[in-house]
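Report on the structure given below.
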């Protein structure tokens, strides 16, 4: 972010199992999300964002260009070697990012199209940090 200055920012800590958004299953004319965990995850993101914005009291949505840094903490499967700290299997990182559309619904920002810089990573949850996500969003001025 060379040459950019941070004005307003928000830190959101979400607890729960991150779920991807984007894969769909078709049942005749009905198309539904493939992940059954998506709706509970989106609700967890919304509630964590509301808590971070003091339950909406006097919070104004972030405006202008935004940067976002997010770490998704995924449950470690029993089959994963203990030395591996980053999941290199599903869910896809880009589909996990799509689930952050929930931040639009609670007015963290006006539209996710405002995001111009993204840093994202997947890690396995451990005893210090259970499953969830750490999200940092900020306004940038050029």
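Scan the stretch 43-56 and tell me whether some residue there is closer than 17 Å to residue 18 by Cβ, outside any strand (DSSP E or B) and at pLDDT below 90.
No, that holds for no residue.
Do we have any residue at all in the stretch 121-130 that's in a helix (DSSP H, G or I) and either at pLDDT 90 or above or surrounded by fewer than 18 Cβ atoms within 10 Å (Cβ to Cβ) (or both)? Quick ask: steps written out before the conclusion?
Restricting attention to the stretch 121-130, the residues satisfying the condition of being in a helix (DSSP H, G or I) are none.
Scanning the stretch 121-130, I find no residue that is in a helix (DSSP H, G or I) and either at pLDDT 90 or above or surrounded by fewer than 18 Cβ atoms within 10 Å (Cβ to Cβ) (or both), so the answer is no.
Which condition does residue 139 not pass, out of (1) more than 15 Å from the chain's Cα centre (by Cα); (2) surrounded by fewer than 18 Cβ atoms within 10 Å (Cβ to Cβ); (3) assigned to a strand (DSSP E or B), if it passes all the others?
Here residue 139 meets the rest and fails (2).
Okay, residues lined up against (1) over 14 Å from residue 13 (Cβ atoms); (2) surrounded by fewer than 15 Cβ atoms within 10 Å (Cβ to Cβ); (3) touching a residue at least 24 places away in the same chain (Cβ under 8 Å):
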{"site": "46", "(1), (2), (3)": "no, no, yes"}
{"site": "50", "(1), (2), (3)": "no, no, yes"}
{"site": "54", "(1), (2), (3)": "yes, yes, no"}
{"site": "59", "(1), (2), (3)": "yes, no, yes"}
{"site": "62", "(1), (2), (3)": "yes, no, yes"}
{"site": "67", "(1), (2), (3)": "yes, no, yes"}
{"site": "71", "(1), (2), (3)": "no, no, yes"}
{"site": "81", "(1), (2), (3)": "yes, yes, no"}
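Here are some residues: 87, 20. Which one is in contact with a helix residue (DSSP H, G or I) (Cβ under 7 Å, 6 or more places away or on another chain), part of a loop (DSSP other than H, G, I, E, B) and at pLDDT 75 or above?
Working: 87 fails: in contact with a helix residue (DSSP H, G or I) (Cβ under 7 Å, 6 or more places away or on another chain).
Going through 87, 20 in turn, just one is in contact with a helix residue (DSSP H, G or I) (Cβ under 7 Å, 6 or more places away or on another chain), part of a loop (DSSP other than H, G, I, E, B) and at pLDDT 75 or above: 20.
The values are calculated or read from the model by the stated rules, or taken from the named source; none is laboratory data. Source: prediction; values computed, not measured. Cβ sites come from the backbone with ideal geometry, for glycine too, and all protein chains shown count toward neighbours.
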